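Read the figures in this text as sums done on the coordinates, not as results from a lab. Model, not experiment: these values are computed from the prediction. Here the Cβ is made from the backbone with ideal geometry for all residues, glycine too, and neighbour counts use every protein chain on show.
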Amino acid sequence: MTGRALGSVAARLGMLGCTAAMVLLNARLLGAEGTGGVAVLQLGLLVTASVGGLLAGGAVVYLGRTVALRSLLGPAHGWMVLCAASAGLGLPIFGVLPASTAWTVAGLGWLQAVANFHGQVAVARDRVRLFNRLQLLQVALTPLFATALYLGAGWRTPSAFAAALAAALVATVLASLAALRDLPRPGEATPAAAAPAATRLLARHGLPSSLGATLQLAANRIHVALLGAGSAAGIFAVAWAGVEAVWSVARGVAPLVHIGTASTPDADQRRAATRFHLLFAGTGTLLLTALASSLPDAVYASVFGFSGIAPVLQAAAGAACAGGWAPVLSHHLSGLGLHRYNAWTSAAGLAVGAACAVWWIPTSGAVGAGAAASVGALVQLSGLLWAYRSAEGPDALRFRRSDLRTVSRATGNR
């Protein structure tokens, strides 16, 4: 597991570099206001993709143990198409976005949902390397295509970013078809399920599982919506990209925790593995948070072209640190089938964070949004810690020196 964890973290660090390049391009060439417009666009497509993931989400890893994966494809893809069409039709009706932008968001959200789903199929088949490569491919191609449009074609608007992202997503979806190759035929390894039964299973397990992820996305992104598509949103978007960057270690090991928990019947072994990853991810996140928070604002201003980023990062340090443990705990609970805890804790974090944001943003702007995000994230982490101890016992968080040896023996240090 340690070898696989390091490989996943390495992939995440590669994604971190590519994401930083994209943020830098947007900041330098689109400015704070243009970056804010991109953030609003990303919010829309991520919400669309997350709603699509309510059926085509992380429950696939859990269900893959008992149901043939092939029988889940039709219902999942049908739901994703329905969600994208609803976004394209509904957003203009409710006055959220104009029709042209709404269909752009819907199309990007559909592509993102398909890429995410195929990635989850790869995780369910224990092909974590493919999952990491797909994510790395998307974030690597996006700045490449954006550079061609921004510098080569002179097209420097949020619409150009949308075009670059669309091209990257199409390439990623095509590559993700590798996750579907040679899927065992229904009945060969696990029993098949008819379409209605498969849909019910996805709804039963996917809704609580992916609802937590959707609520978590809303908790992370609602501050952009509350700030609006102006320069404050652009400053917050750049700072929040830094917060998400320090989560690279935790997000790198989270899929390993998910599949390891789901496939390990030995309770002591799975708890030891999760404790090891909590220590690994928490330490890495803490170090990265300390580094990001210690840099003066002048450094960020010289890199991104506008000031005000460092105070937001410092205000959001609590969210950054909480994000080092939360993905590990939530994926452990999902591996046990206890998806409801992820939804409840994410909802609590969203409610508290949004309430604080409404209170603090009018007086403190992007800094207030960062502080609100920290409060919400810490509330969510507290709930996850309680849920984990309730599920695995009061000593489940007691770190032991033997945890690393237990993990290495169980996995052969793959």
* Taking DSSP loops as anything outside H, G, I, E and B, show the longest stretch in the chain free of chymotrypsin sites (Phe, Trp or Tyr not before Pro) there with at most 16 other beta carbons within 10 Å. => 156-398
* To do: At 7 Å along the Cα-to-beta-carbon direction for both Leu180 and Ala290, put a label point, then send me their distance in nm to one decimal.
  => 4.7
* **Residue-span extension gain [Ala85 to Leu151] - 0.36 nm each, minus C-alpha spacing** => 20.5 nm
* Rounded to the nearest 500, what is the chain's calculated 222 nm mean residue ellipticity when only DSSP H runs of at least 4 contribute -39500 (n - 2.57) each, over all residues? -> -28500 deg cm²/dmol
* To do: Would you mind checking region 260-294 for residues with the amide N under 19 Å from a putative spin-label position 7 Å along Cα→C-beta of Arg398?
  => 267-279
* Structure fact -> For the Thr66, Leu385 Cβ pair and Förster radius 35 Å, calculated FRET efficiency rounded to 0.05 is 0.75
* To do: Based on other C-beta atoms within 10 Å, arrange Val246, Val303 from fewest to most.
  => Val303, Val246
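Please list the helices of the chain that count as membrane-span-like by this rule: a mean Kyte-Doolittle hydropathy of at least 0.5 together with Cα atoms stretching 27 Å or more along the helix axis, each helix being a complete DSSP H run.
On the way: long enough: 2-52 (42 Å, 1.12); 70-93 (36 Å, 1.01); 99-124 (37 Å, 0.80); 128-147 (30 Å, 0.90); 195-227 (43 Å, 0.59); 267-294 (40 Å, 0.37); 317-335 (28 Å, 0.59); 339-392 (43 Å, 0.65).
Qualifying helices, which must be both long enough and hydrophobic enough, are 2-52, 70-93, 99-124, 128-147, 195-227, 317-335, 339-392.
What percent do you get for the relative contact order of region 2-411 when only Cα pairs under 8 Å and 6+ apart count? Mind showing how you got there, number by number?
Details: 704 pairs, mean separation 93.1, N = 410.
Here the relative contact order equals 23 percent.
How would Thr274, Thr147 line up from fewest to most surrounding beta-carbon atoms within 10 angstrom?
Final ranking by Cβ density, sparse to dense: Thr147, Thr274.
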* Structure fact -> Inter-part gap, Cα centre of region 356-374 to Cα centre of region 223-272, in whole angstrom, is 21
